[in-house]
Amino acid sequence: MKILLDTHVLLWWLTDSDRLGKTARELVADPANDILVSMVSFWEIAQSHYRTLMTVPVRHRDPFDHLLIAQAIAEKAVFLSENGHVSAYPVQAIRCSSTA
């Protein structure tokens, strides 16, 4: 069976939330089912990070880095990256270099 996940169901699944009921959890976990996630869900999730994006200073020109940094700030998450520009931003970051 093909199953398209609503955005909140995707988030509940990814965070192992108790809000996801037993039947839904079994449906998503069943390898016989094709689980679909729409790009719309990622767009919906990103909407809550755009407000933070407007407060992130422009230290270099990569818009995707700016979005990722804004998301890390909004979610109070540590940003794991090897990007040398990250230290110029107000985000907690860890470099992922294999030489460390």
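Side notes on the structure shown:
- Any hit, the stretch 6-21, residues being out of contact with any helix residue (DSSP H, G or I) (no Cβ under 6 Å at 6 or more places or on another chain) and among the small types (Gly, Ala, Ser): yes
- Near pairs, Cβ below 6 angstrom, 6+ apart or cross-chain, from the stretch 44-64 (more than 24 Å from Leu11 (Cβ to Cβ)) to any residue that is surrounded by 10 or more Cβ atoms within 10 Å (Cβ to Cβ) and aliphatic (A, V, I, L, M): Arg59/Ala88
- Test: Lys22 is without any contact (Cβ under 8 Å) to a residue 12 or more places away in the chain and at positive phi: no
- Residues that are among the polar types (S, T, N, Q) and either at pLDDT below 90 or in contact with a Lys or Arg (Cβ under 6 Å, 6 or more places away or on another chain) (or both) are absent from the stretch 11-29.
- Filtered residue count, the stretch 1-27, keeping only those that are of a type in the set (S, T, N, Q), more than 14 Å from the chain's Cα centre (by Cα) and within 18 Å of Glu44 (Cβ to Cβ): 1
- Qualifying residue in the stretch 39-58 (condition: more than 12 Å from the chain's Cα centre (by Cα) and closer than 16 Å to Leu4 by Cα): yes
- Qualifying residues in the stretch 83-100 (those that are assigned to a helix (DSSP H, G or I) and of a type in the set (A, V, I, L, M)) - the one surrounded by the fewest Cβ atoms within 10 Å (Cβ to Cβ): Ala88
- Every residue from the stretch 61-82 that is over 19 Å from Ser48 (Cα atoms) and buried (at least 17 other Cβ atoms within 10 Å of the Cβ): Ser81
- Some residue of the stretch 32-54 being at pLDDT 95 or above, loosely packed, with under 15 Cβ neighbours inside 10 Å and assigned to a loop (DSSP other than H, G, I, E, B): yes
The values are calculated or read from the model by the stated rules, or taken from the named source; none is laboratory data. The shown structure was predicted, so the numbers you read here are calculated from the model rather than taken from an experiment. Positions of Cβ are generated from backbone atoms using ideal geometry, with glycine treated the same way; all protein chains shown enter the neighbour counts.
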